[in-house]
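Enquirer: I'd like to ask some things about the structure below.
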């Protein structure tokens, strides 16, 4: 689970860095051009470019997260954990999440003596 959180945090940081870079790019353009019409046109162009870049990054992030889920499913399936198989079916994934949560809670319970 810790590896997953580190991966998610890293991917989120990549997204934040891109949005920060994009905002700096707009600010720099606004300082470079004094004419409001030029600023407006350039800002529209940059916003469209930024939207495309962000969509591409989000697609890569989703792909990486999907791959992480797939790797975890494969590992748990190979370990023989019941209910785990490689799938992209959202309902089966929800069942796996709940099953894993249940297993984790059971592992934390103290057994009566």
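Enquirer: Helix 36-78 versus the longest principal axis of the chain: what angle, 0 to 90°, nearest 10, using Cα atoms?
Expert: 10 degrees
Enquirer: Nearest 10 degrees is fine. How inclined is helix 2-32 to the longest principal axis of the chain, computing both from alpha carbons?
Expert: 10 degrees
Enquirer: Among 14, 27, 64, which one shows the highest mean-square fluctuation when the chain is modelled as a Gaussian network with alpha-carbon springs under 10 Å?
Expert: Per the Cα network of the chain with a 10 Å cutoff, 27 tops the list.
Enquirer: Another question, then. Rounding to the nearest 10 and keeping the result within 0 to 90°, find how far the Cα-based axis of helix 90-108 lies from the longest principal axis of the chain.
Expert: 60 degrees
Enquirer: Once the Cβ-Cβ distance between residue 56 and residue 35 is put in as r, and R0 is 30 Å, what FRET efficiency do you end up with, to the nearest 0.05?
Expert: Plugging the Cβ-Cβ distance into 1/(1 + (r/R0)^6) gives 0.45.
Enquirer: Here's a follow-up. Measure off 7 Å from each Cα along the Cα-to-Cβ vector at residue 109 and residue 13, then give the distance between these two points in nanometres to one decimal.
Expert: Distance between the two pseudo-spin positions: 3.8 nm.
Enquirer: Taking 8 Å as the Cα distance limit and 6 or more residues as the minimum spacing, I'd like the relative contact order of the stretch 2-108 as a percentage.
Expert: Relative contact order, the stretch 2-108: 18 percent.
Enquirer: Among [x] 23, 18, 12; [y] 21, 18, 11; [z] 46, 15, 10, find the value of semi-axes √(5λ) of the Cα gyration tensor in Å that was calculated from the structure presented, and write down its label.
Expert: [z]
Enquirer: Could I ask something else about it? Could you identify which residue out of 34, 77, 85 has the top mean-square fluctuation in a GNM of the chain using Cα springs shorter than 10 Å?
Expert: 34
FYI, it's all coordinate maths here, none of it is from the lab. All values derive from a computational prediction rather than experimental measurement. In this analysis, Cβ positions are derived from the backbone assuming ideal geometry, glycine residues included, and neighbour counts consider all displayed protein chains.
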